Amino acid sequence: MFLLLLFFMVSATFEKLGRMQVELPQAQPNVEQEQQPDRITVTVDTEGQFFVNDRELVNTDIETVKRALVSVAASTGTSPW
């Protein structure tokens, strides 16, 4: 067994044939990331109270919710719709 192992070790070629060329991508240092638009969060709790961006609204009337959305959108520069 030892002679067979020795024979195969001596007769085997250890050349690295068929190397594959790999081109890795290069980093680009001046790439700007896209900014996510500001978000308006509307929350309704278990008691039915409305919150717009964690500010509690006076009542649950739809006109109050609309005014709050328009007000927050104007202050953040986003569209409420």
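Beta carbons closer than 7 Å, at least 6 apart along the sequence or on distinct chains, pair a first residue in segment 44-65 that is within 21 Å of T76 (Cα to Cα) with a second that is hydroxyl-bearing (S, T, Y) and open to solvent by 50 Å² or more (accessible area, probe 1.4 Å) for F50/T60; F51/T43; N53/T41. Does any residue of segment 72-79 turn out to be open to solvent by 100 Å² or more (accessible area, probe 1.4 Å), of a type in the set (V, I, T) and at pLDDT 75 or above? No.
The values are calculated or read from the model by the stated rules, or taken from the named source; none is laboratory data. Quick caveat: nothing in here was measured; it's all calculated off a predicted structure. Positions of Cβ are generated from backbone atoms using ideal geometry, with glycine treated the same way; all protein chains shown enter the neighbour counts. The accessibility values were calculated without ligands, DNA or RNA, using every heavy atom of the protein model including side chains. Shrake-Rupley method; radii C 1.70, N 1.55, O 1.52, S 1.80 Å.
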